[in-house]
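Asks: Can you read through this structure? Questions will come right after.
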């Protein structure tokens, strides 16, 4: 299992790479996530059936949920890429977002509990990863971007992954994964 949060320098370099492609407009969160997942190579198109689509679970896009707290994280861009190895398919998922803290006092980072689950075409969870994403903010700042990459979600071989989904969210319970499965399968 390989999970990592790119360094601030890597995130800045990735954003610079993406923004150089479009000098007039800053990169979107989705473009930044695509650049991270592809390490400079374009990630798969949204409708590419060779790789499950990636979506944020409605209601789980931010941490903490509800009224907020001293530290907050919000999902921004999501991207994925797949490598078909014959006996299995490996999925790489990149998540970008924004972190905010109420004050510059105290540590410049906090952990946010992220869940990434792959649901098959019947809505069954095939792979699930839970991680504490370290949201590192610049010293003295109250906000900044974060990025996180999961590199080796293993899926069983399939003819295609058109009906499959990678669902991403903060603090997702088992009941929410079941709700996500119902929403994803009903949306087809």
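Asks: Mind ordering 132-140, 92-100 by average Cβ neighbours within 10 Å, highest first?
Replies: Descending mean neighbour count gives 92-100, 132-140.
Asks: At 25 °C and a viscosity of 0.890 mPa s, what translational diffusion coefficient does Stokes-Einstein give for region 60-188, taking Rh as the Kirkwood radius over Cα pairs? Give it in µm²/s as a whole number.
Replies: My calculation gives 156 µm²/s for D.
Asks: Follow-up. Take residue 50, project a point 7 Å from its Cα along the Cβ direction, then tell me which residues of region 67-103 have their backbone nitrogen under 19 Å from it.
Replies: Backbone N within reach: 79-94.
None of the figures in this text is laboratory data; all of them are computed from the coordinates on show. Quick caveat: nothing in here was measured; it's all calculated off a predicted structure. Note: ideal-geometry Cβ built from the backbone for every residue, glycine included; neighbour counts use all protein chains shown.
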